[in-house]
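One structure below.
Coordinate-derived values only; no laboratory data. These numbers come from a predicted model, not from an experiment. All Cβ positions, even for glycine, are placed from backbone atoms using ideal geometry, and neighbour counts span all protein chains on display.
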Amino acid sequence: MTTPAPGPGGPAAGAQPPSPPLLRLEDLSVTFSPDGALARLAGNRRGVRAVDGVSLSMSDAEVLGVVGESGSGKTTLALAALRLQRATSGRVRFAGADVGGMRRQAVRRFRRDAVMIFQDPHSSLSPRMRVSSLLREPYVIHHIGPDEQYPVAELLDMVELPERLAGSYPHELSGGQARRVGIARALALRPRLIVADEPTAGLDVSAASAILNLLQRLRAEHGTGYLVITHALNVVGYLADRIAVMYLGRVVETGSAEQVYDTPLHPYTRALIASIPDMDSGRRGRQQPVAGEIPSPRNPPSGCHFHPRCPFAIERCRTDDPVLEEAAPGRQVACLRWREVASAGNPT
Amino acid sequence: MASLNGRPAVDEAVLDIQDLAVEYRSRGSVMRVLPGVDLTITRGQVVGLVGESGSGKSTLALAVLRLLPANGKITAGRIVLDGTTDLTSISREQLRRVRGEKVAMIFQDPLTSLNPTFKIGRQMIDVQTAHAGGRVRWPDRKQFRQRAMALLHEVGLPDADQLMGSYPHQLSGGMRQRVMTAMALSLEPELLIADEPTSALDVTTEAQILGLLRQIKASRDLTILFVTHDLSVVAEICDRVVVMYAGQVMEQGEVADVFREPQHPYTSALLDAVATRSHRGQPLNTIPGRVPSLIGQIKGCRFASRCSYAQDVCRAEEPRPVASGSSEAVRCHMRDPQSGYEHAGLPSAAAPKVVPPP
């Protein structure tokens, strides 16, 4: 252990030259096969391809937002990126190292550097541990530091919680407070990457905004990279530098937040953006919402998965699988007709 | 009281809630969740009831149909339906008729509201059977079945025949919410109470359900009370908005007016806290502190402890609702010329605005 004091704060420990991306997913697929318990329960014989050939990369201190509806595979993608779910094929690289091929020691180190904030803070905190123990746990697990150095107070301060909460149990916390404890646990080991699954789900508007402020601040102070998984477009619109849109296990569009919002190239992205309830333009400004619902990933449509719901679909979309192609620098889209979509004007 | 608030004449009101007080009792303590709420819902409107968790918005919605949990009790006030029936004092049998036939309700989670062990068709028919007196003969049942199918069609479920034979768990969240809505419409209510009907849905499905509610509202001349924590949904679908905080109505008025020029500091704070793309790079506004405990008496304005404009008068006296700007009833000393609130030294934005007529 080269870092003696486990205190939080300061720049990311062991910052490396910026050459390899912080996180890189290479043609990643996750299939839940029929002999898995989950598939058996679902009465399924064919297997579910939850993540289907996804390639993405993000750099240090970047916020990558992965957007999609339930069933799009975004949570499975997050779990696979952290080696919490085995990839069926493809590769996850963390700072250049192949995560799937890591030995035990390397995995331990990886678990310090890349952490997850789970969606439901109450179910991810042990109900029988006080906040102080919950915050000490990461250090204990990683054998860091003696008892008196555990910076519980500092961690609470970092997530703007009063120190008196150290003696509380999770059920005594509000949703926003529990979420902050989850974030403090994630920050304890000064990770380089935080994967946040729906960080504001279930919170009141003011509490949600406070969490977003906190994430912004911590990123500025510590240079942490975030992979934010959400269905809330306003969250990624506010927080993310780059956005990847997922539909039925595949990435259908990527680009900077501005690009994706201002000129969506995929018809599904257009539909998503048109569905955001708009405070400013009001209710009458909205166009017809996209028809239908996301199909079951057990039995995805042929060709382009979106074609049954797509207003731009042509015959070829039923048969041809669109590949992710470079539409502009830093901009990818998987749609046979993206040029027509782009010239169809603004969706809102 | 009614004339003070500038409320519409009572004969237009589908629902007139007067000084409604609700308490919850648990382990010897009494929580006064609603201390005395006045609210009028005018026929043909969509009224958004917004507030954070703990604001009492769901309690208010449940109290209307007398669906409060066992430890909840209406302790004072009246809930007048159609200007004639007081829902707080009617008999069990009358209440049974009101539920469904006059006022229907849809909930956030249709899966827990639908019976998991019966097929959709059976449940759609049972609603009609129950309100036809329980004992019906075969020709009626056949008619009910046809009606159920027509309703499923109306809520955008074209494959009604197959759907009638499905169990709730076989449907998606959006389909279940449509089924719930069809069921709620089956007795042709005047008022539909929707408690967070889209909160658990994906954004494209939410857009579809909001579109559906707008469409049935127009085609059936429904009045809708829409309970939600999501201000953007209110902007999307509601005509009027009622902002609740800690059991009290803090502000109400036309959505466009209230959202453009909120008169209550709490409403402004809520509107400012919504994260949008245009806030990129700036910290978002938040409301410090927490909702006060509703156990025991609260002195002064309920929002005072979190309000950046609070003065001594706010902590001492409860504000009364006054008309201010384009909002019809605002509970804030700052907006009440007779409150003794000291305006000198405040930023001009905080002073009551005079809105020019459109």
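Given springs between every Cα pair under 10 Å in a Gaussian network model of chain B, which of B:238, B:307, B:332 has the largest fluctuation?
B:307
Which of B:30, B:234 has the fewest other C-beta atoms within 10 Å, and how do the rest follow up to the most?
Listed from fewest to most nearby Cβ atoms, that is B:30, B:234.
Based on other C-beta atoms within 10 Å, arrange B:175, B:334 from fewest to most.
B:175, B:334
Report the full-extension gain for the segment residue A:143 to residue A:19: residue separation times 0.36 nm, less the Cα-Cα distance, to one decimal in nm.
So the extension gain works out to 41.6 nm.
Could you check which residue among A:63, A:228, A:323 shows the biggest mean-square fluctuation in a GNM of chain A with a 10 Å Cα cutoff?
Among A:63, A:228, A:323, the largest mean-square fluctuation in the Gaussian network model of chain A belongs to A:323.
Select from B:339, B:326, B:29 the residue whose mean-square fluctuation is largest in a Gaussian network model of chain B (Cα-Cα springs shorter than 10 Å).
Largest GNM mean-square fluctuation: B:29.
How high is the FRET efficiency from residue B:254 to residue A:314, r the C-beta distance, R0 60 Å, rounded to 0.05?
For residue B:254 and residue A:314, the calculated efficiency is 0.85.
Which order results if B:73, A:74, B:102 are arranged by neighbouring Cβ count within 10 Å, fewest first?
If I rank by nearby Cβ atoms, fewest first, I get B:73, B:102, A:74.
Ignoring everything except DSSP H segments at least 4 long, calculate the 222 nm mean residue ellipticity for the protein assembly as shown; use -39,500 (n - 2.57) per segment, divide by total residues, nearest 500.
Only helices count here, giving -8500 deg cm²/dmol.
Quickly work out the residue B:308-to-residue B:276 label distance, labels modelled 7 Å from Cα along the C-beta direction, and quote it in nm with one decimal.
So the label points at residue B:276 and residue B:308 sit 1.9 nm apart.
Any lysines with Cα under 19 Å of the residue B:73 Cα? List them, leaving off those in the same chain fewer than 8 positions away.
B:57
Net charge near residue B:95: determine it from the other residues with C-beta under 14 Å of the C-beta of residue B:95, scoring Lys and Arg +1 and Asp and Glu -1.
Once positives and negatives cancel, what remains is +3.
With a cut-off of 16 Å, note down the residues of region A:149-176 whose backbone N falls inside the zone around a label point 7 Å from the Cα of residue B:71 toward its beta carbon.
Of the residues in region A:149-176, A:172 have backbone N under 16 Å from the label point off residue B:71.
Counting other Cβ atoms within 10 Å, which trypsin sites (Lys or Arg not before Pro) in region B:27-71 have at most 11 and lie in a DSSP loop?
Counting only loop positions with at most 11 other Cβ atoms within 10 Å, the trypsin sites (Lys or Arg not before Pro) in region B:27-71 are B:27.
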